[in-house]
1. I'm told P129 meets every condition in (1) surrounded by fewer than 16 Cβ atoms within 10 Å (Cβ to Cβ); (2) assigned to a helix (DSSP H, G or I); (3) at pLDDT below 85 except one. Can you identify the failing condition by its number?
2. Yes or no: L320 under 22 Å from V443 (Cβ atoms), open to solvent by less than 90 Å² (accessible area, probe 1.4 Å) and either at pLDDT 75 or above or touching a Cys at 6+ places or on another chain (Cβ under 9 Å) (or both)?
3. Mind checking which pairs have a first residue in region 107-123 that is in the same structural domain as I79 (by the TED database) and a second that is open to solvent by 40 Å² or more (accessible area, probe 1.4 Å) and part of a helix (DSSP H, G or I), Cβ under 6 Å, 6 or more apart or different chains?
4. So, in region 223-261, how many residues would count as being touching an Asp or Glu at 6+ places or on another chain (Cβ under 9 Å), of a type in the set (V, I, T) and modelled with pLDDT under 85?
5. Just to be sure I understand the filter: pairs with C-beta atoms under 8 Å, separated by 6 or more residues or on different chains, first member in region 263-274 and open to solvent by 40 Å² or more (accessible area, probe 1.4 Å), second member at pLDDT below 85 and of a type in the set (F, W, Y). Which pairs pass?
6. Taking region 113-139, which residues are hydrophobic (A, V, I, L, M, F, W, C) and farther than 24 Å from L80 by Cα?
7. When you check A220 against the structure, is it at pLDDT below 75, among the small types (G, A, S) and open to solvent by less than 60 Å² (accessible area, probe 1.4 Å), yes or no?
8. Could you please let me know if C440 is assigned to a loop (DSSP other than H, G, I, E, B), modelled with pLDDT of 90 or more and not assigned by the TED database to the domain that holds V133?
Amino acid sequence: GWTKFARLTRALTNSRSVLQQLTPMNKAEVVHKHSRLAEVLQLGSDILPQYKQEAPKTPPHIILHYCAFKTTWDWVILILTFYTAIMVPYNVSFKTKQNNIAWLVLDSVVDVIFLVDIVLNFHTTFVGPGGEVISDPKLIRMNYLKTWFVIDLLSCLPYDIINAFENVDEGISSLFSSLKVVRLLRLGRVARKLDHYLEYGAAVLVLLVCVFGLVAHWLACIWYSIGDYEVIDELTNTIKTDSWLYQLALSIGTPYRYNTTGSGQWEGGPSKDSLYISSLYFTMTSLTTIGFGNIAPTTDGEKIFSVAMMMVGSLEQALLMGLIFAIFVQRYQTCRIVETYVPIWMYLEYSQDNKRSEMLWDYLADYFSIFSFIQVLSICPKDMRADICVHLNRKVFNEHPAFRLASDGCLRALAVEFQTIHCAPGDLIYHAGESVDALCFVVSGSLEVIQDDEVVAILGKGDVFGDIFWKETSLAHACANVRALTYCDLHIIKREALLKVLDFYTAFANSFSRNLTLTCNLRKRVSSLFSPFSD
């Protein structure tokens, strides 16, 4: 229940969706809903297919980017990316040579999986700028080469195998270890996928806490690197007694000692586990502005880094506090919604109608997303409201030749009658057998037309479906189901509203009847489903 109410509350402040709609979505036309599990596993709406005019027919060696295998593979890459984000800074800072065969095998397997991911990306479809699925192998290769190929290639080179050899020069080994940091660029792709979860305040809070811990881990690795670089003066081969590493070694009873009989180098000191824990302890106390002082910066380099770390910590704390405040405000607004819709909540609890419960919550979320904007429009002057409506429907008026000869007054009359609806994947816009009482213009997304349990058409951006009811005397019965394949924006106008405008603007009515082409006439069955109606 909390997640449902959170969606309603978020809709109250979601200005992006507010500006896309004028009137509440008529959910009488939307009946079917897919499971939320499939949506969550997709990691974001940008993975979902955005077809254009026809169903994708891919070659045998091409993988659809929204299939179950690719979705599972993306989760594997996501998990390994987080593993890389944790282990790479640690290995680079603490200069760990992979003498442990188990870690060497594990890291090598990760590198192989990243290499396989590169191969798969050369054979995976993507969404083009026009909303269509690109399945041409040549275009897929060119697109990947121009985008993520170089970064992915650098991130999967076997640096660990090179570092595993003892006879490798220390400088070359450090260079190859440092190059592994390139793998962290993959986190940009993760951030884009996780955007899907930002509508839930609690999820954002958990995500920021994880980011806080990850940043603390990175800073701890950098803090140790600075101390390790400054603790021994390489010119004089003497140890700096004011370094935090030297002070830590004395406090825990593992001091540095000079080997006069063997290598002639400084040895001893705390273990790597103790060094990492102490470094993380210092960064966490600095980021949270606690700072007990038992580990303190003493050299100039350590002090400069500490100042930068405090600035990062203050910024993170401001973000966390602001988010917590926003969650409390959201909860307060949620309580107001609960009080308003207690009867609805009681009905859902009593009826146990899960299917219609999903539909009802989605409708309420859509309604609240536009409620504030509708209130603003209702107090606007008639002229201003018409101007806003024309602007919101400009894509329909500019892209379809049927509106080119319409006068300014005619466009304004039409604009105030248009409704903008947002459909999720699986939403049914029309059921077979129900009345076709609206003309629908597809602004974005993809829909499928299903007749007798068979997909007979794919509709995309710029398509029009419905009925030529300005030529008919009776309402048509839909001969097919129209279902959303992706997230879609539809601009629709009801039969009565359109006929009222056409009756008043007779010159426009003739031009509209001649120039409007229906991509799909739901009055007709499949034999004449694609025939244009432009006379």
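1. Status for P129: all satisfied but (2).
2. The answer is no for L320.
3. Between residues of region 107-123 that are in the same structural domain as I79 (by the TED database) and residues that are open to solvent by 40 Å² or more (accessible area, probe 1.4 Å) and part of a helix (DSSP H, G or I), the close pairs are F122/R141.
4. 1
5. Listed pairs, sorted by first residue: Q265/Y258; W266/Y256; W266/Y258; E267/Y256; E267/Y258; G268/Y256; K272/F94.
6. V127, V133, I134, L139
7. Considered against the rule, which asks whether it is at pLDDT below 75, among the small types (G, A, S) and open to solvent by less than 60 Å² (accessible area, probe 1.4 Å), A220 comes out as no.
8. It is false that C440 is assigned to a loop (DSSP other than H, G, I, E, B), modelled with pLDDT of 90 or more and not assigned by the TED database to the domain that holds V133.
The values are calculated or read from the model by the stated rules, or taken from the named source; none is laboratory data. Keep in mind the model is a prediction, meaning the values are calculated, not measured. Neighbour counts run over all protein chains shown; Cβ positions are idealised from the backbone, glycine included. Side chains are part of the model used for accessible areas, which takes the heavy atoms of the whole protein and leaves out ligands, DNA and RNA. Shrake-Rupley method; radii C 1.70, N 1.55, O 1.52, S 1.80 Å.
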